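I have placed the structure first, in the form of structure tokens, so that the comments after it can refer back to it.
Read-outs throughout are calculated quantities, based only on the coordinates presented, and are distinct from any laboratory measurement. Remember, predicted model here, so these are calculated numbers, not experimental data. All Cβ positions, glycine included, derive from the backbone under ideal geometry; neighbour counts span all protein chains shown.
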Amino acid sequence: MKKDITVRKVAAIEDIHAVQELEKRIWGMEPIPVHQTITAVKNGGLIVGAFLENRLIGYSYSFAGYSEGKVYLCSHMLAVDEEFQMMGIGKLLKEEQLRLAREMGYQLIVWTFDPLESRNAYLNTAKLYGVCYDYIVNCYGNMNDGLNKGLPTDRFQVAWWIDSPRVLEKWQPDLTYSRPFRIHSDEEMYPVILLPETSEWLQLEAIEVPVPKHIQLIKQQNPQLAYEWRMKTRKIFQQLSGEGFALIDVCRTEEPVQYYRFCKRSMIPLQNQRSLSNEN
């Protein structure tokens, strides 16, 4: 079926209405007004849709961003119809977004994701070669949709330097990762993280941090444990960010946790290659 799926830029009003309907169905809340998305697309923004014949089954929505004298593309939302998830459609959408963003002159794309959603972390770092060095506490305030209800909306911000060696050459460091955090299982066999008594682990060169494989299930069955995961990992990720570390990869396991891989941001080749050529 995947070969029958086409991915393309969305600009027609009828397709943008289809995006709105899919957004409402997936997120369970009122969608972004069509007049807002149309205006964004006409002013540096971009919507990419995945279609099975004429049916919209996934999309990404982004708009122009500006900060500290730099223009970038802010990728605000990506969603795939539940019926078609786990088929690699999210990666197809991001790849087309990258191609079109490059044509538009962008060098950086940013977006956020829940740090406890390990599947998203794997796509963003291991598949797309984005990096995360900014951790935002309760980014969107309290949200009551099905995915976010019950936890502070902490977020990692992904920086996707689309013309950098990190992305173009699929750069990963040759490092030996340490695991300073212990895991044990509670009475329901859900994973529980134990924090070290000291911060000596921050002196390590490369660090793996455990994150639950199925945080939504834990939220449903044991909300208090999900909250503890949020608060404990918040502390860890803030410390790592403050010490100059960046999330660059996810080690997938058969355990009830996945391991996020961190190295020093200074090691990562993020300098945009177009910028380098313009300087020479």
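Table for the structure above
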| item | result |
| --- | --- |
| Rg/Rh for the stretch 11-129, where both radii come from Cα atoms and Rh is the Kirkwood radius | 0.94 |
| Test item: Cα-centred dipole of the chain, Lys/Arg +1 and Asp/Glu -1 on Cβ, debye | 460 |
| Gain on full stretching of the segment that runs from residue 8 to residue 175 - 0.36 nm per residue minus C-alpha separation | 56.3 nm |
| Qualifying GluC sites (Glu not before Pro) in the stretch 60-112, DSSP loop, other Cβ atoms within 10 Å at most 10 | 68 |
| Whichever aspartates and glutamates have a C-alpha closer than 18 Å to that of residue 219, once near sequence neighbours (fewer than 8 apart) are set aside | 114, 117, 145, 154, 186, 187, 188, 228 |
| Per-pair calculated FRET efficiency, R0 = 51 Å: residue 29 and residue 197 via Cβ, rounded to 0.05 | 0.75 |
| Net charge, residue 37 excluded, C-beta distance under 11 Å - Lys, Arg +1, Asp, Glu -1 | -1 |
| Computed [θ] at 222 nm, helices only, for the chain once each DSSP H run of length n ≥ 4 contributes -39500 (n - 2.57) | -8500 deg cm²/dmol |
| Translational diffusion of the chain, µm² s⁻¹ [Kirkwood Rh, Cα pairs; Stokes-Einstein; 25 °C; 0.890 mPa s] | 123 |
| 28 Å Cα-Cα threshold exceeded, pairs from 94/235; 42/70; 170/232; 70/235; 3/127; 3/70 | 94/235; 170/232; 70/235; 3/70 |
| Segments 154-160, 169-175 sorted - mean Cβ within 10 Å per residue, highest first | 154-160, 169-175 |
| For the stretch 157-249, projected area of the alpha-carbon convex hull averaged over all directions, nm² | 7.4 |
| Net lengthening on full extension, residue 182/residue 68 (0.36 nm per residue, minus Cα-Cα) | 37.1 nm |
| Whole-Å semi-axes of the ellipsoid equivalent to the stretch 66-217 (Cα gyration tensor, √5λ, descending) | 28, 21, 16 |
